[in-house]
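For reference, the structure is listed below as structure tokens.
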Amino acid sequence: MKQHRVGILVFSEVEVLDFCGPFEVFSCTRLDENHLRESPSPFDVLLVAEWGAIITARGGLQVIPHHSFVTCPPLDILVIPGGYGVRREIDNDQVIDWIARQGREVETVTSVCTGSMLLGKAGLLDGRTATTHWQTFDWMQETFPLVSVDRSRHVVEDGTVITAAGISAGIDMALRVVVRYCGEAVARRTARYMEYPYPESLARRIDL
């Protein structure tokens, strides 16, 4: 079985569920649900940080990344979460350059919440339709006029790029990635194992 390598960026004040939600989906996916313990996930999930040092996420959760930008192996799927730290990282040239470079090399680029702002800064959303946390709609539209901001969908797929709404939407985004790589049946079984309702619709779930 070929494993698809997923790199999830983490940084100071990253939103916890933004990266932990997709991590959980990818790490517990199995092609054979009858051998959950014995068989590996089709996804090899790595946390990547600029320097590889301990990261303090929102709420004080401390996270040890698997790799720094220097040691990160080639990826198939890139996940960019959001959080308060985005407003700092959007001006971090090292982070933006790494995202831009990975975006040119990976098969699938994704974001959760305000992580889409980092994709936008890296030039990966120009000419595309994307979404973000509802509080960030205007900031995204004003900052990236070449991006069509979708305010109605929970998850937006535009070619090789998938963007998701706020926080919990990362779980739905990751399930869409599972569909792409493993098929809908596997994605549905993964959601069932997690006791999470499979997203029959990608419409946004809250009234704005």
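So here's what we get for this one:
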{"item": "Residue-span extension gain [Thr56 to Leu146] - 0.36 nm each, minus C-alpha spacing", "result": "29.1 nm"}
{"item": "Percent of beta bridges antiparallel (DSSP, the chain, rounded to nearest 5)", "result": "25 percent"}
{"item": "Percent RCO, i.e. relative contact order, over region 4-193, from Cα pairs under 8 Å lying at least 6 residues apart", "result": "22 percent"}
{"item": "Identified option (computed Kirkwood radius over Cα pairs in Å; candidates (1) 18.9; (2) 16.8; (3) 19.5)", "result": "(2)"}
{"item": "Peptides 2-12, 52-62, 172-182 ordered by average Cβ neighbours within 10 Å, highest first", "result": "172-182, 2-12, 52-62"}
{"item": "Spatial separation of Cα centroids for region 1-30 and region 157-208, in angstrom", "result": "13 Å"}
{"item": "Neighbour net charge for Phe137 - beta-carbon separation under 15 angstrom, K R +1, D E -1", "result": "-1"}
{"item": "Cβ-placed point charges (K, R +1; D, E -1), dipole of region 48-178 about Cα centre in debye, nearest 20", "result": "260 debye"}
{"item": "Within the chain, helix-based [θ] at 222 nm, where runs of 4 or more DSSP H residues each add -39,500 (n - 2.57), nearest 500", "result": "-9500 deg cm²/dmol"}
{"item": "Of Gly127, Gly115, Gly170, the one that fluctuates the most in a GNM where the chain has Cα springs shorter than 10 Å", "result": "Gly127"}
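Computed from the coordinates by the stated procedures, all read-outs in this text should not be read as laboratory data. It should be emphasised that the depicted structure is a prediction, and the values quoted were computed from it without experimental measurement. Methodologically, a virtual Cβ is constructed for each residue, glycine included, from the backbone with ideal geometry; neighbour enumeration extends over all protein chains shown.
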